[in-house]
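Working notes, beginning with the structure itself.
The values are calculated or read from the model by the stated rules, or taken from the named source; none is laboratory data. The structure displayed is predicted, hence computed values, not measured ones. Cβ coordinates were reconstructed from backbone atoms using ideal geometry, including for glycine residues, and neighbour counts include every protein chain displayed.
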């Protein structure tokens with residue numbers, strides 16, 4: 001080799017110390033890569049859709065006393081329990097990707113107790129029943145303080161199931177499974193959740209129709225068939241988690257806002 005050693009380009013040899021010039025260059029490259037990575041990660045994070053404020057109080061049992069209904073899915077009209085839930089109707093599901101139709105149907109119209117984990121978002125509440133037969137059971141009206149203090153021997157009548165018609169609507173939104181979307185999964189909506197939503201709906205979890213506005217607020221309505229009963233699940237499964245437009249009728253029954261639809265009227269957007 002020839003030339004002035006002081007003017008040669010630095011050359012890295014693995015078993016020798018790194019030349020100072022190369023060391024400085026490597027440090028600048030590493031720092032730049034870390035900074036660029038942080039910026040990209042930040043931009044990626046802020047671009048994600050807000051997963052929402054849903055909560056799932058797993059491991060924190062909640063006990064509700066009220067009237068069991070199928071309206072058109074298992075629910076309980078709460079007369080005693082957490083103050084925020086008294087007077088409201090709470091939809092009931094089972095653990096896992098399962099509805100609670102079989103567990104609540106024999107109790108429909110009766111006063112009873114339900115225990116499980118609360119799932120809630122945006123003023124809508126679900127109760128995931130504990131395992132075991134005692135998680136949902138009938139109770140004597142005399143054991144419920146608000147009724148027992150009336151000083152009468154006559155048992156109370158269940159609340160009126162009258163449906164208040166709210167009129168026809170054509171809505172754009174997303175067919176969701178209520179359990180995941182309201183707090184069990186984040187995200188519990190959108191394409192990333194499509195397969196999970198389909199499994200939950202297939203297992204009997206009550207379907208809802210999610211409508212968002214431009215400010216990120218949402219409304220969710222229980223989906224029922226055109227006759228007010230459970231919707232044909234097989235007919236809505238292909239549309240789960242997809243943006244759709246549906247014409248139907250809104251009604252309020254047992255304290256729940258129900259969107260009655262004909263699945264044949266669903267149109268993808």
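Report whether or not residue 114 is buried (at least 20 other Cβ atoms within 10 Å of the Cβ), modelled with pLDDT of 90 or more and outside the structural domain of residue 201 (by TED's automatic domain parsing).
yes
Can you confirm whether residue 183 is assigned by TED's automatic domain parsing to the domain that holds residue 86 and either over 20 Å from residue 223 (Cβ atoms) or assigned to a helix (DSSP H, G or I) (or both)?
For residue 183, the condition - assigned by TED's automatic domain parsing to the domain that holds residue 86 and either over 20 Å from residue 223 (Cβ atoms) or assigned to a helix (DSSP H, G or I) (or both) - is not met.
Please work out which residue is farthest from the chain's Cα centre (by Cα), limiting yourself to the stretch 101-115 and to residues that are part of a strand (DSSP E or B) and farther than 23 Å from residue 221 by Cβ.
Within the stretch 101-115, the match that is farthest from the chain's Cα centre (by Cα) is 111.
Just name the residue that is surrounded by the most Cβ atoms within 10 Å (Cβ to Cβ) out of those in the stretch 158-181 that are at pLDDT 85 or above and under 16 Å from residue 76 (Cβ atoms).
This residue is 179.
Name the pairs: first residue in the stretch 153-174 and closer than 27 Å to residue 242 by Cα, second residue at pLDDT below 85 and part of a loop (DSSP other than H, G, I, E, B), Cβ to Cβ under 9 Å, at least 6 apart or on different chains?
Every condition considered, the pairs that remain are 174/189; 174/190.
Specify the residue that is surrounded by the fewest Cβ atoms within 10 Å (Cβ to Cβ); the eligible residues are those in the stretch 183-203 that are touching a helix residue (DSSP H, G or I) at 6+ places or on another chain (Cβ under 7 Å) and closer than 15 Å to residue 238 by Cα.
The residue in question is 202.
For residue 60, all conditions in the list (1) over 22 Å from residue 140 (Cβ atoms); (2) touching a residue at least 60 places away in the same chain (Cβ under 8 Å); (3) assigned to a strand (DSSP E or B) hold save one; what is the number of the exception?
(2)
Kindly provide the set of residues from the stretch 146-180 that are closer than 27 Å to residue 226 by Cβ and assigned to a loop (DSSP other than H, G, I, E, B), ordered by number.
158, 159, 160, 161, 162, 163 - these are the residues of the stretch 146-180 that are closer than 27 Å to residue 226 by Cβ and assigned to a loop (DSSP other than H, G, I, E, B).
Could you figure out which of (1) closer than 23 Å to residue 91 by Cβ; (2) touching a helix residue (DSSP H, G or I) at 6+ places or on another chain (Cβ under 8 Å) isn't true of residue 142?
Checking residue 142 against (1) closer than 23 Å to residue 91 by Cβ; (2) touching a helix residue (DSSP H, G or I) at 6+ places or on another chain (Cβ under 8 Å), the one that fails is (1).
If we only count strands (runs of 3 or more DSSP E) wholly inside the stretch 201-269, which ones have 2 or more residues that are in contact (Cβ under 8 Å) with a residue 60 or more places away in the chain and touching a strand residue (DSSP E or B) at 6+ places or on another chain (Cβ under 8 Å)?
Passing ranges, in order: 218-225, 243-253, 256-261.
Do you know which residues across the stretch 86-100 are assigned to a loop (DSSP other than H, G, I, E, B) and buried (at least 24 other Cβ atoms within 10 Å of the Cβ)?
94, 100, listed by residue number.
Within the stretch 116-142, how many residues are in contact with a strand residue (DSSP E or B) (Cβ under 9 Å, 6 or more places away or on another chain), over 17 Å from residue 99 (Cβ atoms) and part of a helix (DSSP H, G or I)?
2
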